[in-house]
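Written out below as structure tokens is the structure these notes cover.
The values are calculated or read from the model by the stated rules, or taken from the named source; none is laboratory data. Not measured: the values here are computed from a predicted model. Glycine gets a Cβ as well: all are built from the backbone with ideal geometry, and neighbour counts include every protein chain shown.
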Amino acid sequence: MLKSLRCLTIVSGLAFSVMGSGVINNFAMAQEKGVAYKEVDVKDGGTIVGTVKFDGDVPSAKMLKVDKDEQTCGHENKASEELVVNGESKGVKNVVVSLVDIAAGKKIEAVTAVLDQKECLFTPHVVAVPVGSSVDLLNSDNVMHNLHSWSIKNPAFNEGVSGGGKMTKKFDLAEIVKITCDVHKWMSSFIVIKANPYFAVTNENGQFKIENVPAGTYKIEAWQEKLGKKAGDVTVKPKEEVVADFVLTKK
Ligand SMILES: [Cu+2]
């Protein structure tokens, strides 16, 4: 069998924090510098798989106070998705794992992703796309929502979208964009735009897979809105599967 496993556990400290009250611009500082990326035919690429786990007691979900449009948004407070940890596996959901310094690899396939506003929450909570992609911003509710992008590099927008409405925005530059609704202050999400196609968002068990990676050693990074960034090195061999696990902790 060609398949073999190498294990890499990344437990170094956070590179820096992206959190803090009133410091939205830190998201701009949190962007990777990036390297010029060249599209090439990848032959005998390898695969990176891994799990992002939470170190510590599983935190209970922060509750968001619903105090407007209750007929649509509901009369109960809502569980925030800012940090979702699986109670059994301790996997962290919605972590963006990416290769940050890869200079050449598979073609960047621009996509049209969907970010919906449904029952007064953004869904999914984290959308990751490569540069050049668009996002359909939907409103599936029967109340007015607003889409406020805290973009630094891409054109920022702050526009209402009526019930059943849609607007589409294109993102050409890599950055982490926080999206909020100014009508319902509890609503937030992130659109993460990546400079190369080597990234994935973890599932509810914290698992991810990045495929068709040219052989080589790369810096791999995990980003989560509350836990910040953590990086390590991963070495990919032709046609092999390498494991890159992360352990994130609360500050
Ligand atoms: Cu809203």
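Any residue at all in the stretch 58-68 that is out of contact with any strand residue (DSSP E or B) (no Cβ under 7 Å at 6 or more places or on another chain), of a type in the set (Asp, Glu) and surrounded by 14 or more Cβ atoms within 10 Å (Cβ to Cβ)? The answer is no, given that none of the residues of the stretch 58-68 is out of contact with any strand residue (DSSP E or B) (no Cβ under 7 Å at 6 or more places or on another chain), of a type in the set (Asp, Glu) and surrounded by 14 or more Cβ atoms within 10 Å (Cβ to Cβ). Applying a threshold of 7 Å to beta carbon distances and a minimum spacing of six or more residues, or different chains, the list of pairs starting in the stretch 66-88 at a residue that is touching a residue at least 12 places away in the same chain (Cβ under 8 Å) and part of a strand (DSSP E or B) and ending at one that is among the β-branched types (Val, Ile, Thr) and away from the ligand (no atom under 13 Å from the Cβ) reads Val85/Val58; Val85/Val92. Entry remark, the stretch 155-187: residues being within 11 Å of the ligand (Cβ to nearest atom), crowded, with 18+ Cβ neighbours inside 10 Å and not hydrophobic (A, V, I, L, M, F, W, C) number 2 in total. For beta carbons closer than 6 Å, sequence separation of 6+ or different chains, a first residue in the stretch 177-193 that is modelled with pLDDT of 95 or more and a second that is more than 11 Å from the ligand (Cβ to nearest atom) and of a type in the set (D, E, K, R), the qualifying pairs are Phe190/Lys178; Ile193/Glu175. Assess whether Val111 counts as being closer than 28 Å to Asn212 by Cβ and without any contact (Cβ under 8 Å) to a residue 24 or more places away in the chain. Yes: the conditions hold for Val111. Which ones in the stretch 101-127 are closer than 22 Å to Asp233 by Cα and either buried (at least 22 other Cβ atoms within 10 Å of the Cβ) or among the polar types (S, T, N, Q) (or both)? Ile102, Gly105 - these are the residues of the stretch 101-127 that are closer than 22 Å to Asp233 by Cα and either buried (at least 22 other Cβ atoms within 10 Å of the Cβ) or among the polar types (S, T, N, Q) (or both).
Candidates are the residues of the stretch 114-133 that are polar (S, T, N, Q) and farther than 16 Å from Phe171 by Cα; the one that is farthest from the ligand (Cβ to nearest atom) is Thr123. For Lys33, the requirement of being basic (Lys, Arg), more than 16 Å from the ligand (Cβ to nearest atom), at pLDDT 95 or above and under 22 Å from the mean Cα position of the chain (by Cα) is not met.
Applying a threshold of 6 Å to beta carbon distances and a minimum spacing of six or more residues, or different chains, the list of pairs starting in the stretch 54-65 at a residue that is in contact (Cβ under 8 Å) with a residue 12 or more places away in the chain and ending at one that is among the aromatic types (Phe, Trp, Tyr) reads Leu64/Trp186. Scanning the stretch 134-154 for residues that are more than 16 Å from the ligand (Cβ to nearest atom) and hydroxyl-bearing (Ser, Thr, Tyr) yields Ser134, Ser151. Does any residue of the stretch 200-220 turn out to be aromatic (Phe, Trp, Tyr) and either away from the ligand (no atom under 16 Å from the Cβ) or surrounded by fewer than 20 Cβ atoms within 10 Å (Cβ to Cβ) (or both)? Within the stretch 200-220, one or more residues are aromatic (Phe, Trp, Tyr) and either away from the ligand (no atom under 16 Å from the Cβ) or surrounded by fewer than 20 Cβ atoms within 10 Å (Cβ to Cβ) (or both). Is there any pair linking a residue in the stretch 161-172 that is part of a strand (DSSP E or B) to one that is among the hydroxyl-bearing types (Ser, Thr, Tyr) and at pLDDT below 95, with Cβ under 9 Å and at least six apart or on different chains, and which? Filtered contacts from the stretch 161-172: no entries. The residue pairs whose first member lies in the stretch 114-127 and is over 16 Å from Val143 (Cα atoms) and hydrophobic (A, V, I, L, M, F, W, C), whose second member is within 12 Å of the ligand (Cβ to nearest atom) and assigned to a loop (DSSP other than H, G, I, E, B), and whose beta carbons are closer than 7 Å, counting only pairs six or more residues apart or on different chains, do not exist in this structure. With respect to being under 22 Å from Lys226 (Cβ atoms), of a type in the set (D, E, K, R) and assigned to a loop (DSSP other than H, G, I, E, B), Lys185 fits the description.
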